[in-house]
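Each remark here refers to the structure printed beneath this line.
FYI, it's all coordinate maths here, none of it is from the lab. Owing to the predicted nature of the structure, the values given are computational and were not obtained by experimental measurement. As a convention, Cβ positions derive from the backbone with ideal geometry for all residues, glycine included, and neighbour counts pool all protein chains shown.
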Amino acid sequence: MTAALLTIENLNVSYRGRGHSAHILDGVDLEIGHGQSVGLVGESGSGKSTVAFALLGLLADNAEVSADHAAFDGRTQDFAKRETASLRGTDIAMIFQDPMTALNPMFSIGTQLVDIQRRRFPKESRKALWARAQAVLADVGVQDAAARMHRYPHEFSGGMRQRVVIAMALLVEPKLLIADEPTTALDATIEAQVVEVLHRLRQRTSASMLVVSHSMGLIAELCDSVVVMYAGTVVESGKVADVLHRPRHPYTRALLACEIDPFAAFDPSQDLATIPGTVPDPSRRPQGCIFAGRCPARHDRCSEKPPQQQAGDGRTYACWLEAA
Amino acid sequence: MRSASFQIHLASKLATALLAVAGSVVLLLALTRFIPGDPATVILGSRATPEAVAALNARIGLDKPLIEQAFAFFGRLFSGDLGEDVFNGRPVLSLVLGALPNTAALAISAMLTAIVLGVPLALVSARWPGGKIDRLVAFLSVGFISTPSFVVSVFLLMVFSVTLRWFPVLGAGESGDLGDQLWHLVLPTAALAAGWVGYIARLLRSSLLEVLSESHIRTLRAYGVSEAKILMKYALKPAVLPTVAVLGMGFGELLGGAVFAEVIFNRPGLGSLIYDAIRTRNYPVVQGGVFVIVLLYVLTNLIADLSQSLIDPRERARLVSGRGAVT
């Protein structure tokens, strides 16, 4: 097997405030192979979006980023110096969470689609870039793309805006496409359409994908493998089918239990499943297992940091439980 | 692009503007009554005959009730008559029109200077917030905004005209000699623009910083769009809207509020015309002059308001389609 497109070992992110610092990511490992699609899943505050933003060097100035080793497409990257910023808009493209705010309200879609290609194609004429943008816009399912290029974001529906945002990512022909909660801000019917667009995209481009989402369903639909995050650490990772069907880590199990089954009969007497408790405060992280405070299977050893266990097929999980 | 809803919008703005003008005229006429002392006595002196006083009151219309005066004022207005100078009978309109170019030149040059200096300062401050330039601009802005323009005027006069003798002391320059007129414009412009440079720099800086923190800017950054382009194009256009509104107000204010600068530099403009008229209780001139200032103030605000709608495509769409505000 050739080297992976992206390898990160022991990624740490902390924010330094006055007198205290908050540890957001603690030793995250991530590997994305060429053409592979990886899902990053976890509840709000798990740090999954932080991983995506750190990849592009888009974190706030007071964020301290470090990694033992990081490489993109064979080149070593220094996260502390935000070297990955040079990959923005050329090798890595990002599809943002909220299509309502991701586009500038004062400029036409066409203008924005042209300007984001500038870095990738510095020598192309504006006319050529406009034509490319129009073609890709039609390709992601925007009808009457030629006229729509001159329109402003407020003249597009949420689903259409998300298509524009996806078109942006396609236009720069990246090696890695990051989708940060691509469907969270959309309503259910539009969500299905956008998933469809992402699905087609997945089959057509050779780009690797990193899908950040809290929805196991979306990840299952779009990804080969999944990384489950909790409170800034990776608790379990492996092939989507393995993790979904035979979760090893108690947190993964709890997360899967919270998924709503659309085909199940609605029973109003039955409460929706939740995980009791909340994610620990990043400035006061517990010593041992990060999930111990909310874990239903917690025991004495959980006050120590659990080891990374291998379960074959590239499956890893961080838990003291020997067998699931 | 013109539709019924746009015309309705324009009509409602115009109606509001007219109401403001009418209200200010009534206040203006009432003011004459509240100022202590009988105007006719002040104008004619204490030894004037009752007949002369009555004749003067009849001429200015002070013998009639306030409402009637207001109607008379507006009635004459339609035939382009703003009244007559009490002392020499010259039409107020021609006095005002004679003074207006000097005032307009000063207001325009002060505003242009404020924009030309203020906008780049705002861009630099917003590009490196907390940096050396940002802090320096913040410090100087507060200083200049809080220093009244007449104080600045006096200092400029003392330093650059009296001591260094670089600039002329008084007047608006030889009429017909553009170079001389521009030369006379430099110091008053500097005095009036100083505060506005700081004001624009700070106001635009804060709206720039606000826009720069929005997610559409993050999108552009994620695609490696250059910081310069983000700042000068994608952040500047939305950020400029509040500044345009303030500029409209500021320009109107300068047209009328250049009184101190005009008096100190002895420029024959609207401000000094009104100032002299108040000193001599020349009420028709005061009323006519202030009326024109009010008119210009309302007009510049109207223009600023409309140009804001033209800059913002959402606002434009709302006006043209007649739909409610787009969220």
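Let me have the 222 nm mean residue ellipticity of chain A computed from DSSP H runs of 4+ only, each contributing -39500 (n - 2.57), with the sum over all residues rounded to the nearest 500.
Result for chain A, helices only: -7500 deg cm²/dmol.
Within the stretch A:79-129, the percentage of alpha carbon pairs spaced more than 13 angstrom apart rounds to 68%. Other residues with beta-carbon under 15 Å from the beta-carbon of B:Ala235 carry, at +1 per Lys or Arg and -1 per Asp or Glu, a net charge of +2. To test your reading of the geometry: what angle, between 0 and 90 degrees and rounded to tens, separates the Cα axis of helix A:158-171 from the longest principal axis of chain A? Around 80 degrees separate the two axes.
Arranged from fewest to most other beta-carbon atoms within 10 Å of their beta carbon, B:Lys233, B:Lys64 become B:Lys64, B:Lys233.
Per the Debye formula on identical point scatterers at the alpha carbon atoms of the protein assembly as shown, with no solvent, log10 I(q)/I(0) at q = 0.05, 0.06, 0.07, 0.09 Å⁻¹ is -0.39, -0.53, -0.66, -0.88. What's log10 of I(q)/I(0) for chain A at q = 0.10 Å⁻¹, Debye sum over Cα points only, no solvent? Here log10 of I(q) over I(0) equals -0.61.
On full extension, the segment bounded by B:Asp276 and B:Leu19 gains 89.7 nm, given 0.36 nm per residue less the C-alpha separation. In this structure the amide hydrogen of A:Ile24, modeled in the peptide plane, comes within under 5 Å of the amide hydrogens of A:Val13, A:Ser14, A:Tyr15, none closer than 5 places in sequence on its chain.
Neighbours of A:Val142, meaning other residues whose beta-carbon lies under 15 angstrom from its beta-carbon, give a summed charge of +2 when Lys and Arg score +1 and Asp and Glu score -1.
Can you show me the helix-derived [θ] at 222 nm for chain B, built from DSSP H runs with n ≥ 4 at -39,500 (n - 2.57) apiece and divided by the number of residues, rounded to the nearest 500.
Working: 14 runs with 239 residues, N = 327.
Rounded to the nearest 500, the figure is -24500 deg cm²/dmol.
Using a 10 Å cut-off around each Cβ of peptide B:236-246, what is the average number of partner chain Cβ atoms that fall inside? Could you put the intermediate results ahead of the total?
Details: counts 1, 4, 4, 1, 1, 1, 0, 0, 0, 0, 0.
For peptide B:236-246, the averaged partner shielding equals 1.
Only aspartates and glutamates eight or more places from A:Lys305 in sequence, or on another chain, were considered; those with a Cα closer than 19 Å are A:Glu9, A:Asp26, A:Asp29, A:Glu236, A:Asp281, A:Glu322. Shape of chain B from the C-alpha gyration tensor: oblate (a/c of 1.5 or more and a/b not above b/c, with a ≥ b ≥ c the square roots of its eigenvalues).
Where does the stretch A:135-216 land on Rg(C-alpha)/(2.2 N^0.38 Å)? Before the final figure, lay out the partial values.
Details: Rg = 12.5 Å, N = 82, 2.2 N^0.38 = 11.7 Å.
Rounded to two decimals, the normalised Rg is 1.07.
What's the longest piece of chain A with no exposed trypsin sites (Lys or Arg not before Pro), counting a site as exposed if DSSP puts it in a loop and it has at most 10 other beta carbons within 10 Å? Counting at most 10 other Cβ atoms within 10 Å as exposed, the longest clean stretch of chain A is A:124-283. Couplings 3J(HN,Hα) of the stretch B:9-24, computed from phi: 4, 4, 4, 5, 5, 5, 4, 4, 4, 4, 4, 4, 5, 4, x, 5 Hz, in residue order, whole Hz [Karplus 6.51 cos²θ - 1.76 cosθ + 1.60, θ = phi - 60°; x for Gly and Pro]. Near A:Met209, the amide H atoms lying under 5 Å from its own belong to A:Gln36, A:Ser37, A:Val38, A:Leu177; only residues 5 or more places off or on other chains count, and H is placed 1.01 Å from N. If r is the Cβ-Cβ distance from B:Arg165 to B:Ile303 and R0 is 35 Å, what FRET efficiency results, to the nearest 0.05? That pair, B:Arg165 with B:Ile303, gives E of 0.30.
Once you've got the GNM for chain B with C-alpha springs shorter than 10 Å, pick whichever of B:Gly130, B:Gly224, B:Gly98 has the biggest mean-square fluctuation. Judging by the Gaussian network model, the answer is B:Gly224.
So for the stretch A:1-119, considering every pair of alpha-carbon atoms, how many percent are separated by more than 17 Å? For the stretch A:1-119, the fraction of Cα-Cα distances above 17 Å is 62 percent.
At 37 °C and 0.692 mPa s, grab the translational diffusion coefficient of the stretch B:188-327 from Stokes-Einstein with a Kirkwood Rh over Cα pairs, rounded to a whole number in µm² per second. If you can, show how the numbers build up before the last one.
Working: Rh = 17.9 Å.
Value of D from the Cα-based Kirkwood radius: 183 µm²/s.
Computed about its Cα centre, the charge dipole of the protein assembly as shown is approximately 1020 debye, with only Lys, Arg, Asp and Glu carrying charge at their Cβ. For a straight C-alpha distance cut-off of 24 angstrom, the lysines reachable from A:Lys175 (same-chain residues fewer than eight places away being disregarded) are A:Lys48, A:Lys81, A:Lys123, A:Lys239. Over all pairs of different C-alpha atoms in the stretch B:78-212, the reciprocal of the mean inverse distance, the Kirkwood hydrodynamic radius, equals 17.2 Å. Near A:Val235, the amide H atoms lying under 5 Å from its own belong to A:Val228, A:Met229, A:Tyr230; only residues 5 or more places off or on other chains count, and H is placed 1.01 Å from N. Summarising the label geometry, the points placed 7 Å from Cα in the beta-carbon direction at B:Ser215 and A:Glu9 lie 3.6 nm from one another.
The calculated Kirkwood hydrodynamic radius for the stretch B:1-134 is 19.7 Å, given to one decimal from all distinct C-alpha pairs. For B:Lys64, no lysines have a Cα falling under 27 Å of its own Cα, not counting residues fewer than eight places away in the same chain.
Build a GNM of chain A with springs between Cα atoms under 10 Å apart, and of A:Gly293, A:Gly159, A:Gly232 the one that fluctuates most is A:Gly293. The mean count of C-beta atoms from other chains within 10 Å of the C-beta of residues in A:87-94, rounded to a whole number, is 3.
Residue-wise HN-Hα couplings along the stretch B:146-155, as the Karplus relation 6.51 cos²θ - 1.76 cosθ + 1.60 with θ = phi - 60° gives them from phi, are 8, 8, x, 5, 6, 5, 4, 4, 5, 5 Hz; Gly and Pro carry x.
What's the local net charge at B:Pro268, with K and R +1, D and E -1, over the other residues with C-beta under 13 Å away? Spell out each step's value before the answer.
Values: positive: B:Arg267; negative: B:Glu174, B:Glu262, B:Asp276.
Around B:Pro268, the surrounding residues sum to -2.
The ranking of B:Thr163, A:Thr205 from fewest to most other beta carbons within 10 Å of each one's beta carbon is B:Thr163, A:Thr205. Fully extending the segment from A:Arg200 to A:Ala138, taken as 0.36 nm per residue of separation minus the present Cα-Cα distance, adds 20.9 nm.
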